[in-house]
Amino acid sequence: MTLKQLFQNNKTVLADGAMGTYFSQLTGLSSSLCEKYNVTNPDLIRQIHREYISSGAKIIRTNTFSANSFTLGVSHNELSEIIKSGYVVAAECAKDKAVVCANVSALYENTEIPRDRLSEYKIIIDSFIECGAKTFIFETLSELNAVMPAIDYILDKIPDAEIITSFTVLPDGHTRSGISLNKILESIVQNKNKLTMVGLNCGCGTAQLYNFAAPFFSYIN
């Protein structure tokens, strides 16, 4: 199932919730450990995916939000194993019930990453592609330009890939990088042929998110 197929007959689609938050509630452990559980305890990750799907989620994200070698402190081989296991587990749970989005780390959030970001993105993306991923999400973003090299790399490898970008806007209408929502929308319009879906997540309450989303409706239409 693709996003296009999902939305053909559905005006409103429910997605999953936060993996890290629910992981912590279930285990009492820090959410910083959850990506490693793709390998060390995949049954727990399956349980979380399945609970979201049984609750009506039609879109689920792989347990890879912080999956990069800098954040997890792992080798590239270990990173690839974590990502591949995360995708396989999600795909097993989704089957024909939900769309699986390969959740790609927003590497630019870590300003002290000591290595080339695009090289790291390539390792992450190639690991997903090896598992058959064709739908990707970049979420909790502060800007679009920082992830465009990764998006271009995906589309070079998979021209018909589906790309979701979701931004975090604070109550003052700016991202954590100080970029205004209008500037975000300008960058989206400039790259709209490369993006399947755009949206907002986190940063403020639902009422504010709804108000901030109004300009996005114009973009979509």
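The values are calculated or read from the model by the stated rules, or taken from the named source; none is laboratory data. Everything quoted here is computed from the prediction, not taken from an experiment. When we count neighbours, we look across all protein chains shown, and the Cβ atoms used for this are built from the backbone with ideal geometry, even at glycine. Accessible surface areas use protein heavy atoms only, side chains included; no ligands, DNA or RNA. Shrake-Rupley method; radii C 1.70, N 1.55, O 1.52, S 1.80 Å.
Given the conditions (1) in contact with a Cys (Cβ under 6 Å, 6 or more places away or on another chain); (2) open to solvent by less than 30 Å² (accessible area, probe 1.4 Å), report the number of the one that Leu44 does not fulfil.
(1)
Is one or more of the residues making up region 110-121 touching a residue at least 24 places away in the same chain (Cβ under 8 Å) and under 25 Å from Ala94 (Cβ atoms)?
Yes: region 110-121 contains one or more residues that are touching a residue at least 24 places away in the same chain (Cβ under 8 Å) and under 25 Å from Ala94 (Cβ atoms).
Being touching a residue at least 12 places away in the same chain (Cβ under 8 Å), among the β-branched types (Val, Ile, Thr) and crowded, with 22+ Cβ neighbours inside 10 Å is the requirement here; does Ile53 meet it?
no
The rows are residues; the columns are (1) β-branched (Val, Ile, Thr); (2) farther than 18 Å from Cys101 by Cβ; (3) touching a His at 6+ places or on another chain (Cβ under 9 Å); (4) outside any helix (DSSP H, G or I).
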position: Ile164; (1), (2), (3), (4): yes, no, no, yes
position: Leu170; (1), (2), (3), (4): no, yes, no, yes
position: Ser177; (1), (2), (3), (4): no, yes, no, yes
position: Ile184; (1), (2), (3), (4): yes, yes, no, no
position: Val189; (1), (2), (3), (4): yes, yes, no, no
position: Asn193; (1), (2), (3), (4): no, yes, no, no
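Find all pairs meeting these conditions: Cβ atoms under 8 angstrom apart; at least six residues apart or on different chains; first residue within region 94-108 and open to solvent by 10 Å² or more (accessible area, probe 1.4 Å); second residue in a strand (DSSP E or B) and among the aliphatic types (A, V, I, L, M).
Short answer, once both residue conditions are applied: Val100/Ile60; Ala106/Leu141.
Could you grab the pairs with beta carbons closer than 7 Å, sequence gap of 6+ or different chains, first residue in region 196-212 and in contact (Cβ under 8 Å) with a residue 12 or more places away in the chain and surrounded by 16 or more Cβ atoms within 10 Å (Cβ to Cβ), second one part of a loop (DSSP other than H, G, I, E, B) and of a type in the set (A, V, I, L, M, F, W, C)?
Partner pairs satisfying both residue conditions: Leu200/Val169; Gly203/Val169; Gly203/Leu170; Cys204/Val169; Cys204/Leu170; Phe212/Val169.
Output yes when any residue across region 144-157 is open to solvent by less than 30 Å² (accessible area, probe 1.4 Å), of a type in the set (Asp, Glu) and modelled with pLDDT of 95 or more, and no when none is.
Scanning region 144-157, I find no residue that is open to solvent by less than 30 Å² (accessible area, probe 1.4 Å), of a type in the set (Asp, Glu) and modelled with pLDDT of 95 or more, so the answer is no.
Suppose the filter is hydrophobic (A, V, I, L, M, F, W, C), under 19 Å from Ser127 (Cα atoms), more than 18 Å from the chain's Cα centre (by Cα) and assigned to a loop (DSSP other than H, G, I, E, B); does Val39 pass it?
No, not satisfied.
Quick test for you: out of Leu44, Leu14, Leu26, Leu33, pick the one residue that is more than 15 Å from Lys95 (Cα to Cα), in contact with a Phe, Trp or Tyr (Cβ under 7 Å, 6 or more places away or on another chain) and not charged (D, E, K, R).
Exactly one residue qualifies, and that residue is Leu44.
Among the residues of region 57-69, are any among the charged types (D, E, K, R), open to solvent by 20 Å² or more (accessible area, probe 1.4 Å), more than 25 Å from Gly203 (Cβ to Cβ) and touching a residue at least 60 places away in the same chain (Cβ under 8 Å)? Outline the logic, then answer.
Taking region 57-69 first, the residues among the charged types (D, E, K, R) are 58, 61.
Filter again for open to solvent by 20 Å² or more (accessible area, probe 1.4 Å), leaving 58, 61.
In the following step, the residues that additionally are more than 25 Å from Gly203 (Cβ to Cβ) were identified as none.
No, the conditions are met nowhere in region 57-69.
Does region 85-92 contain at least one residue that is surrounded by 15 or more Cβ atoms within 10 Å (Cβ to Cβ), more than 18 Å from Cys131 (Cβ to Cβ) and in contact (Cβ under 8 Å) with a residue 24 or more places away in the chain?
No - not one qualifying residue is present in region 85-92.
Only one of Leu26, Leu33, Leu44 is modelled with pLDDT under 95 and out of contact with any Leu (no Cβ under 6 Å at 6 or more places or on another chain). Can you tell me which?
Details: Leu26 fails: modelled with pLDDT under 95; Leu44 fails: modelled with pLDDT under 95.
Criteria check complete, one pass: Leu33.
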